[in-house]
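Participant: Just dropping this structure here.
The values are calculated or read from the model by the stated rules, or taken from the named source; none is laboratory data. What you are looking at is a predicted structure, and each value in this text was computed from that prediction instead of being measured. A quick note on method: Cβ atoms are made from the backbone with ideal geometry, for glycine too, and the neighbour counts reach across all protein chains shown. Keep in mind that these areas ignore ligands, DNA and RNA; they rest on the heavy atoms of the full protein, side chains included. Shrake-Rupley method; radii C 1.70, N 1.55, O 1.52, S 1.80 Å.
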Amino acid sequence: MWQTHRPKKGAKTLPTQCKPQQLEFQGLGRRKVVADFRGGRITSDAGAVLLREVEEGRGILRRFAECFVDFRRPDRIEHTVLELISQRVYAIALGYEDINDHDDLRQDPLLALLVGKTDPTGASRVRKRDRGYPLAGKSTLNRLELAPAGEESTHRYHKIVCRPRKVDRFFVETFLNAYREAPSRIVLDFDATDDPLHGAQEGRFFHGYYDCYCYLPLYVFCEDHLLRARLRPSNIDSAKGALEELIRIVEQVRERWPDVQIVVRGDSGFCRDDLMAWCEGNGVDFIFGLARNNRLVKKIAQQMKKAKKRFYKTQQAARSYRDFRYRTLKSWTRARRVVGKAEYLARGENPRFVVTSLSKEEFCAQALYEDLYCARGDMENRIKEQQLGLFADRTSSTMFAANQLRLWFSSVAYVLLCELRRVGLKGTQLARAQCTTIRNKLLKIGASVSVSVRRVWLRFASGYPYQKLFAQILENLRTHYVPLRT
C-alpha cells in the first residue's frame, strides 16, 4: 500500500494540519528568516483580561445572558448560555466579527480564560475529537444566533431563545447602574442611521435618501451610554417607534430616579407632534431640529441681514439668533418655542432652527443651540464606533431576528468597552479614546499562556510600549470595583 501511494520523487506535497507550512521571508544578512504557526499557547489578545476585570466588577455579560432561556437538555450541555454569549461578545470586542473565526479561536486559552472555562486547555472535553478545543465552534454559535425570539423553541437544533423585552430593560438597567448617585439631568439622544445590505435579507428595502438597500436602526444614547439599539426596516419614517421606545425608557428611568430631569434630543427627523405632545404631557423636555421653510426663514430675515453685514466686514462666519413662538399650519396642535440661527458663511446663507420645551430662563437662544443642541453631534461618533469598530452593520443573516441579535451582541461589546473607558481609562491619556484605539493599544498584546494546577500565567511581550499605562488601568478598575465586590 505504501509503495503504491507514495509520492513520486521530486513531487510537491500539500501542507496538512499535522505538518504546518513553513513560511520564508526576506533574509537578514546571511541568515534566513523563516516562520511557522507552531509557537504553542501564544495569544495576540492578552490585554483582554482588562475586559474580564470589567465583567467581574459589573456582571454585564452575566445579566445579558439572563435575557435568554435555554431549552437544551442539561446532561448534554458543555457550553452554557453565558459561555456562548461571552465568547461571541469578547470576540467582537477583540475585532473578530465573523462566526467562522471561532473555528480557530476555539482553541485560544486566553479567550477560554475570559469566558470562564475552568479548563482553559480543553484537555477534559467529553469527546476525544474536541480535546484541545475548550470553546464552542462556529456551528454551535450559529445555533445561538438563529434561535427564534420571544417564544419557546421546538426546533431540533435552535433551543436557546432570546427575550427582547428583557434585553431592552438590560441596556437601561446597565446605564442606571453606572451611576452611584442620581444625576440632576440626563439627555437622551435619538438618531437613525443606515445599515447597507448586500443580500436578500428579510425586511430589506431600498431607501431613496441613502441610495441603497438597507436597514434603518434606531439608536438611543445618554452621553456615551447605549440605551437602545433597535433594528428596523428602511421603508418607514425615521421617527417610527421612537415614542414607544421613549415611553419604556422614561418609565424605567423614573423607577430608579423619580426626580431626574429628562431631556430628549434629536434632529428634524424626530420633530413629530405626537412625540412632542407626549413629552409636554409627561414632564419630559425636548429639543429637536426643525426643517426650515419660507415662513421660518422670514422670521429671521433681520438677523440674517445683520449676520451678512458682519461677515463682509470681518470675512469670518457670522451668526445671530432669534427666539420666537411658532406653530405649523396643520401638523402641530399648539405653538412652541423656536430658536432660529441666522448664519452667513463664505458659501452664503445657512439658516437653522430648533424647537424646544425648555424655557428662556433655563437656556438663552444662543446657549440652547450651541451648547445643548450641537452637542448631539458627539452621539453620531458613538454610532460610528459601533458600526465601524464593533461591526454593528454585520447584518448578513437572511433572518431579521438573527440580525437583531447580532446588533445586540455588538451593542454589548460596546457597553463593555465603554465601561472600560469610563472607569479604567479615567485620568489617562486614553480617557477619550475610541473603541478601535482601545483595542489596538490595550487589548492586542502578544503573550504566552501557560496553565498549571494553581496558576494561569500570562507572560506579556517585553517590548509592549504601554506597560505603565496598562498597570494604571488595572489599578483603576480594582479600586473602583472593590466596594461592589464586597
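Participant: Within 10 Å, count the other beta carbons around each residue, average over each peptide in 422-434, 388-400, and list them highest first. List each step's numbers first, then the result.
Facilitator: On the way: 422-434: 15.8, 388-400: 19.2.
Ranking the peptides 422-434, 388-400 by packing returns 388-400, 422-434.
Participant: Residues of the range 225-252 with the amide nitrogen closer than 16 Å to a label point 7 Å from the Cα of residue 202, along Cα-to-Cβ, please.
Facilitator: Only 231-234 pass the distance filter.
Participant: Using only alpha-carbon positions, what ratio does the radius of gyration of the range 14-111 give when scaled by 2.2 N^0.38 Å? Don't skip to the end; give the middle numbers.
Facilitator: Numbers: Rg = 18.8 Å, N = 98, 2.2 N^0.38 = 12.6 Å.
Normalised Cα radius of gyration, the range 14-111: 1.50.
Participant: Now for a different question. Please state the charge dipole magnitude for the range 248-318, taken about the Cα centre, from unit charges on C-beta atoms (+1 on K and R, -1 on D and E), reported in debye and rounded to the nearest 20. It would help to have the intermediate numbers written out before the result.
Facilitator: Numbers: 15 positive and 8 negative charges, 218 e Å.
The calculation lands at about 1040 debye.
Participant: Take the eigenvalues of the Cα gyration tensor for the chain, scale each by 5, and report the square roots as semi-axes in whole Å, largest first. The partial results should precede the final answer.
Facilitator: On the way: eigenvalues 488, 139, 117 Å².
So the equivalent ellipsoid measures 49, 26, 24 Å along its semi-axes.
Participant: Treat every Asp and Glu Cβ in the chain as -1 and every Lys and Arg Cβ as +1, leave all other atoms uncharged, and give the resulting dipole magnitude about the Cα centre to the nearest 20 debye.
Facilitator: 1320
Participant: With no solvent and one point per C-alpha, what does the Debye sum give as log10 I(q)/I(0) for the range 176-257 at q = 0.12, 0.24 Å⁻¹?
Facilitator: Each listed q corresponds, in turn, to -0.44, -1.12.
Participant: At a 1.4 Å probe, what is the % contribution of carbon and sulfur to the accessible area of the chain? Walk me through the numbers before you get to the answer.
Facilitator: Working: 12650 of 26170 Å².
That share works out to 48 percent.
Participant: Same structure again: Using the beta-carbon distance between residue 462 and residue 124 and R0 = 35 Å, what value does 1/(1 + (r/R0)^6) give for FRET efficiency, to the nearest 0.05? All intermediate terms of the calculation are to be shown ahead of the outcome.
Facilitator: On the way: r = 33 Å, r/R0 = 0.93.
Taking R0 as 35 Å, the efficiency between residue 462 and residue 124 is 0.60.
Participant: Convex hull over the Cα atoms of the range 284-426, averaged projected area in nm²? Intermediate results must be reported in sequence, preceding the final value.
Facilitator: On the way: hull surface 54.4 nm².
Over every viewing direction, the Cα hull of the range 284-426 projects on average to 13.6 nm².
Participant: Here is a follow-up. Read phi for every residue in the range 426-442 and hand back ³J(HN,Hα) as whole Hz from Karplus 6.51 cos²θ - 1.76 cosθ + 1.60, θ = phi - 60°, with x for Gly and Pro.
Facilitator: 4, x, 9, 5, 10, 4, 10, 5, 7, 4, 5, 5, 4, 5, 5, 9, 10
Participant: Right, something else. Using θ = phi - 60° and the Karplus form 6.51 cos²θ - 1.76 cosθ + 1.60, what ³J(HN,Hα) does each residue of the range 294-308 get, whole Hz, x for Gly and Pro?
Facilitator: 5, 5, 5, 4, 5, 5, 10, 4, 5, 5, 5, 5, 5, 5, 5
Participant: By how many nm would the segment from residue 309 to residue 388 grow when fully extended, if each residue of separation counts as 0.36 nm and the alpha-carbon distance is taken off?
Facilitator: On the way: separation 79, 0.36 × 79 = 28.44 nm, distance 4.27 nm.
Contour length minus the Cα-Cα distance gives 24.2 nm.
Participant: Give the accessible surface of the range 382-486 per residue, rounded to a whole number of Å², with probe radius 1.4 Å and ligands, DNA and RNA excluded. If you can, show how the numbers build up before the last one.
Facilitator: On the way: 5140 Å² over 105 residues.
In whole numbers, the range 382-486 has 49 Å² accessible per residue.
Participant: Efficiency by 1/(1 + (r/R0)^6): what FRET value for residue 436 and residue 76, r their Cβ-Cβ distance, R0 = 45 Å, to the nearest 0.05?
Facilitator: Details: r = 39 Å, r/R0 = 0.87.
Rounded to the nearest 0.05, the efficiency is 0.70.
Participant: Let me ask another. Among 51, 81, 25, whose Cα sits farthest toward the positive end of the charge dipole of the range 17-82 (+1 at Cβ of Lys/Arg, -1 at Cβ of Asp/Glu, about the Cα centre)?
Facilitator: It is 25, whose Cα lies furthest towards the positive end.
Participant: Then there's this: Normalized C-alpha radius of gyration of the range 422-486, against 2.2 N^0.38 Å? Present the calculation step by step, with values, prior to reporting the outcome.
Facilitator: Details: Rg = 13.8 Å, N = 65, 2.2 N^0.38 = 10.7 Å.
After normalising by residue count via 2.2 N^0.38 Å, the value is 1.28.
Participant: ³J(HN,Hα) across the range 259-268 via Karplus (A = 6.51, B = -1.76, C = 1.60, θ = phi - 60°), whole Hz, x for Gly/Pro?
Facilitator: Per-residue couplings from phi come out as 9, 6, 7, 10, 10, 9, 10, x, 7, 5 Hz.
Participant: Can you compute the FRET efficiency between residue 261 and residue 291 using 1/(1 + (r/R0)^6), with r the Cβ-Cβ distance and R0 = 25 Å? Round to the nearest 0.05. Could the numbers behind the result be given before it?
Facilitator: On the way: r = 27 Å, r/R0 = 1.07.
Rounded to the nearest 0.05, the efficiency is 0.40.
Participant: Additional query: Could you please report the charge total around residue 280, scoring K, R as +1 and D, E as -1 over all other residues with beta-carbon less than 12 angstrom from its beta-carbon? Could you put the intermediate results ahead of the total?
Facilitator: On the way: positive: 334, 336, 337; negative: 273, 274, 285.
Computed value for this residue: 0.
Participant: Using the heavy atoms of the protein chains alone and a 1.4 angstrom probe, what is the accessible area of the range 240-364 per residue in square angstrom?
Facilitator: Accessible area per residue, the range 240-364: 53 Å².
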